[in-house]
Amino acid sequence: GLGPYDDQNIFARILRGEIPCRRAYEDEHALAFHDIAPQAPAHVLVIPKGAYVSFADFSATASEAEIAGFFRAVGRVARELGLEQPGYRLLANTGVHGGQEVPHFHVHLFGGAGLGPMLD
Ligand code: 5GP
């Protein structure tokens with residue numbers, strides 16, 4: 001795993017407003033912002049407001065209200081950005097083998113053009 005939650009990670013600092021981001025959506029449970037190094041025409045990161053290291057941590061320890069609120073927000077972001085047609089991709093890198101770099105759980109939302117096959 002990635003160890004205990006580090007409250008100095010970059011997304012924790014974005015949540016506290018210490019580092020700017022290009023905000024796409026925010027509510028009680030989630031913040032969405034554009035990835036600084038986009039890998040698709042639309043590339044947004046959606047993060048829960050709670051301190052969860054990874055999907056493994058979030059899925060096991062977040063409350064049902066946080067989990068429901070977070071995933072509801074992910075869908076809302078996609079809809080509000082106009083990505084539902086013709087569609088988009090969700091991805092959550094988890095842990096070392098998953099290639100997760102930032103140790104605050106996040107979902108990548110890719111869209112805006114043909115994405116090609118998932119694995120290359
Ligand atoms: P991971 O590999 O952890 O799933 O992906 C982390 C993502 O965060 C990468 O796509 C990276 O470009 C993005 N990222 C890293 N630092 C920042 C930042 O300071 N601001 C924004 N908006 N995105 C960041």
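No value in this document is a laboratory result; all are computed from the given coordinates. Quick caveat: nothing in here was measured; it's all calculated off a predicted structure. Note: ideal-geometry Cβ built from the backbone for every residue, glycine included; neighbour counts use all protein chains shown.
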Among 97, 106, 34: highest mean-square fluctuation, GNM of the chain, C-alpha pairs under 10 Å
97
Find the percent of Cα-Cα distances in the chain that exceed 26 Å, and round it to a whole number.
15
Take every Cα pair under 8 Å in the stretch 23-111 that's 6+ residues apart, average their separations, divide by the length, and report that relative contact order as a whole percent.
36
Which is the longest run of the chain containing none of the trypsin sites (Lys or Arg not before Pro) found in DSSP loop states (not H, G, I, E, B) with at most 10 other C-beta atoms within 10 Å?
23-120
Which of 62, 12, 73 fluctuates most in a GNM of the chain (C-alpha springs under 10 Å)? That residue is 62
Would you mind ranking 47, 36, 14 by Cβ crowding within 10 Å, fewest neighbours first?
36, 14, 47
